[in-house]
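Reviewing the structure listed below.
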Amino acid sequence: MAQSSSETTTAAAANDSQETEILYVVIQRDGKQVSAKWGLHPNLKEELKPEEWKELTEVMGKVTTLVGGRFSQVLHKAEEESGGTA
């Protein structure tokens, strides 16, 4: 199947671009304790207005609570099913 020039250009640009991690969420387990953290690329953080930073902090707090809680549930279920630790 032939590609149009715009598809070829887009594909070439995608291959040449560098990836930058701007937002991450980390879920960690230490025994039965589960913690969730998030971070933002420093350059992006500097560009946010105070109200945007507040909104992002609130949303990411909800995200880490949901993801961390779900991770904890999955671990608990796996431990129950295996009779040991996951």
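Values as computed for the structure displayed
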| quantity | calculated |
| --- | --- |
| Matching residues in the stretch 34-86 - criterion: being without any contact (Cβ under 8 Å) to a residue 40 or more places away in the chain, open to solvent by 60 Å² or more (accessible area, probe 1.4 Å), part of a helix (DSSP H, G or I) and of a type in the set (Val, Ile, Thr) | Val59, Thr65, Val74 |
| Search result, residues across the stretch 43-73 that are aromatic (Phe, Trp, Tyr) and closer than 20 Å to Gln33 by Cα | Phe71 |
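The values are calculated or read from the model by the stated rules, or taken from the named source; none is laboratory data. The shown structure was predicted, so the numbers you read here are calculated from the model rather than taken from an experiment. When we count neighbours, we look across all protein chains shown, and the Cβ atoms used for this are built from the backbone with ideal geometry, even at glycine. When the accessible area is computed, the model is the full protein with side chains, heavy atoms only, and any ligands, DNA or RNA have been set aside. Shrake-Rupley method; radii C 1.70, N 1.55, O 1.52, S 1.80 Å.
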